[in-house]
Amino acid sequence: MELDKIALFGLVKKRLAWLAQRQEVLARNIANADTPGYKPRDLKAFDFKRLVSREVGRVTLDVTNRAHMGGGPGRSADFAEERTRHPYESAPAGNAVILEEQMMKVGETTMSYRLTTELYKKHLNMIRTALGRRQ
């Protein structure tokens, strides 16, 4: 059984992909904290409401009779980087990375990743329980 075909698990997978990509962007910001002229970046916020509306349009129906209506194809989520707001602090060389701010974002992203994986495990266990395969 492919869990990606269940809308909830597909959304969780996209959320985890967004969080992993955000960690990469934040790590790049921290790595360039001393690079002259470097401006920190972040990912656009994960818009759960927009993704849910996309997933609802992506649900496909099994057509077992010619009179049945089929579902339409959907699109996948795309995560775009954006420059963060203009900070009130910047180094004399024009670097605008504030390490404390970046570390707070890294911690926030880590907590969100843990929460999302725990929710994934809970939903997976519910399906196993419903199927009588509790492990």
Seminar exercise, completed: Filtering the stretch 31-52 for residues that are in contact (Cβ under 8 Å) with a residue 12 or more places away in the chain, loosely packed, with under 15 Cβ neighbours inside 10 Å and not in a loop (DSSP other than H, G, I, E, B) leaves a count of 2
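Only one of 101, 118, 89, 82 is acidic (Asp, Glu), surrounded by 12 or more Cβ atoms within 10 Å (Cβ to Cβ) and at pLDDT 60 or above; which? Steps first, answer last, please.
On the way: 118 fails: surrounded by 12 or more Cβ atoms within 10 Å (Cβ to Cβ); 89 fails: surrounded by 12 or more Cβ atoms within 10 Å (Cβ to Cβ); 82 fails: surrounded by 12 or more Cβ atoms within 10 Å (Cβ to Cβ).
Of the residues listed, the single one that is acidic (Asp, Glu), surrounded by 12 or more Cβ atoms within 10 Å (Cβ to Cβ) and at pLDDT 60 or above is 101.
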For this session: Would you be able to say whether some residue in the stretch 63-79 is modelled with pLDDT of 90 or more, surrounded by 13 or more Cβ atoms within 10 Å (Cβ to Cβ) and assigned to a loop (DSSP other than H, G, I, E, B)?
Result: no
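The values are calculated or read from the model by the stated rules, or taken from the named source; none is laboratory data. Keep in mind that what you see is a predicted model, and the values were worked out from it rather than measured. Here the Cβ is made from the backbone with ideal geometry for all residues, glycine too, and neighbour counts use every protein chain on show.
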